[in-house]
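Below is one structure; the comments refer to it alone.
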Amino acid sequence: RSHQRRPGDHAGDDAGSLRELATEQDPASVLERSEAVSVLDQLLRQLDEDKREVLVLAEIEQMTLAQMAEVTGVNPNTVASRLRAARQEFEKLTLRFQAHERRRQQP
């Protein structure tokens, strides 16, 4: 309670939020999310560094082409080209992974 009374002190809030998050998610959901993150990491690691960088900036960081160009130090047209290629390659990798999983799960 003392944490709640002191303005600017969020330690109590963080602990409460963590407890709330832990109780809201059942172990199966936590495991599923962890596996999804692992698969995403595996797929992203298969892209070359330039493509991976722009894909993460666009899809996860939600940056615009101009922002990505500024961050990477690359011409916006080059960023757009890399992003297009990264999305295409990522889609192929995803389809290949899904096909592999379907084969693996068949009896």
Fill in the blank from the handout: The condition from (1) at pLDDT 95 or above; (2) over 19 Å from residue 89 (Cα atoms) that residue 45 misses is numbered (2)
Exercise for the section: Give the range 31-59 a look and list any residue that's open to solvent by less than 40 Å² (accessible area, probe 1.4 Å) and more than 21 Å from residue 97 (Cα to Cα), or say none. Expected result: 54, 57, 58
Completion exercise
Taking the range 78-103 and keeping only residues that are surrounded by 16 or more Cβ atoms within 10 Å (Cβ to Cβ) and either among the basic types (Lys, Arg) or in contact with a strand residue (DSSP E or B) (Cβ under 7 Å, 6 or more places away or on another chain) (or both), one is left with 82
Problem - residue 3 vs. criteria open to solvent by 80 Å² or more (accessible area, probe 1.4 Å) and either farther than 29 Å from residue 100 by Cβ or modelled with pLDDT of 90 or more (or both) - result: no
Exercise for the section: Return the residue satisfying two criteria in turn: it lies in the range 60-77 and is of a type outside the set (A, V, I, L, M, F, W, C) and surrounded by 14 or more Cβ atoms within 10 Å (Cβ to Cβ), and of such residues it is farthest from residue 40 (Cα to Cα). Expected result: 76
Completion exercise
Only one of 40, 55 is aliphatic (A, V, I, L, M), in a helix (DSSP H, G or I) and modelled with pLDDT under 95, namely 40
Fill in the blank from the handout: Listed by first then second residue, the pairs whose first member lies in the range 94-107 and is at pLDDT 95 or above, whose partner is surrounded by 10 or more Cβ atoms within 10 Å (Cβ to Cβ), with beta carbons under 6 Å and at least 6 positions apart or on separate chains, are none
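The values are calculated or read from the model by the stated rules, or taken from the named source; none is laboratory data. Model, not experiment: these values are computed from the prediction. So basically every Cβ, Gly included, is an ideal-geometry build from the backbone, and we count neighbours across all protein chains shown. Please note that ligands, DNA and RNA were not included when accessible areas were found on the heavy atoms of the full protein model with its side chains. Shrake-Rupley method; radii C 1.70, N 1.55, O 1.52, S 1.80 Å.
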